[in-house]
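Everything below concerns the one structure shown next.
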Amino acid sequence: MQARTAFITTNMSVKEGEAIVVLQTLIWLSNQQVYNVIIELDSKLVVDQIHSNEEDISECGMINQIKDIYHEIFSFYDCSI
């Protein structure tokens, strides 16, 4: 079993914080070559945006980055968000 923790000092919305966590988690899992995972979030809004075809309205395009990584790497494995 592996684990990772991080601490970010800044002011952001809950949605932005959840999106950053998902993005960093997908990057870390990919680097560790761990693909069969379930990622659970507290923010239904972020989960819905990740699975939608709607335009990414997040700052810095984080939702699009999450979608890109998820579809390029994790969609071939048993990974769900």
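Yes or no: THR25 of a type in the set (S, T, N, Q) and open to solvent by less than 50 Å² (accessible area, probe 1.4 Å)? Taking the combined requirement at face value, the residue satisfies it. Within the stretch 30-75, the residues that satisfy the criterion of being in a helix (DSSP H, G or I) and farther than 24 Å from SER13 by Cβ are SER30, ASN31, HIS71, GLU72, PHE74, SER75.
If we scan the stretch 54-63, do we find a residue that is in contact with a helix residue (DSSP H, G or I) (Cβ under 8 Å, 6 or more places away or on another chain) and at pLDDT 85 or above? Among the residues of the stretch 54-63, at least one is in contact with a helix residue (DSSP H, G or I) (Cβ under 8 Å, 6 or more places away or on another chain) and at pLDDT 85 or above, which makes the answer yes. Answer yes or no: is there a residue in the stretch 48-57 that is under 21 Å from ILE73 (Cα atoms) and in contact with a strand residue (DSSP E or B) (Cβ under 8 Å, 6 or more places away or on another chain). The answer is no; no qualifying residue exists.
Against the numbered list (1) modelled with pLDDT of 85 or more; (2) part of a loop (DSSP other than H, G, I, E, B); (3) among the hydrophobic types (A, V, I, L, M, F, W, C), LEU23 comes up short only at (2).
I'd like to check something: does the stretch 54-68 contain any residue that is in contact with a Lys or Arg (Cβ under 8 Å, 6 or more places away or on another chain) and open to solvent by 90 Å² or more (accessible area, probe 1.4 Å)? Looking for residues that are in contact with a Lys or Arg (Cβ under 8 Å, 6 or more places away or on another chain) and open to solvent by 90 Å² or more (accessible area, probe 1.4 Å), one finds none in the stretch 54-68, hence no.
The values are calculated or read from the model by the stated rules, or taken from the named source; none is laboratory data. Treat the numbers as computed from the prediction; the structure is a model and nothing was measured. Positions of Cβ are backbone-derived with ideal geometry, glycine not excepted, and every protein chain shown enters the neighbour counts. Protein only, heavy atoms only, side chains kept; ligands, DNA and RNA dropped before computing areas. Shrake-Rupley method; radii C 1.70, N 1.55, O 1.52, S 1.80 Å.
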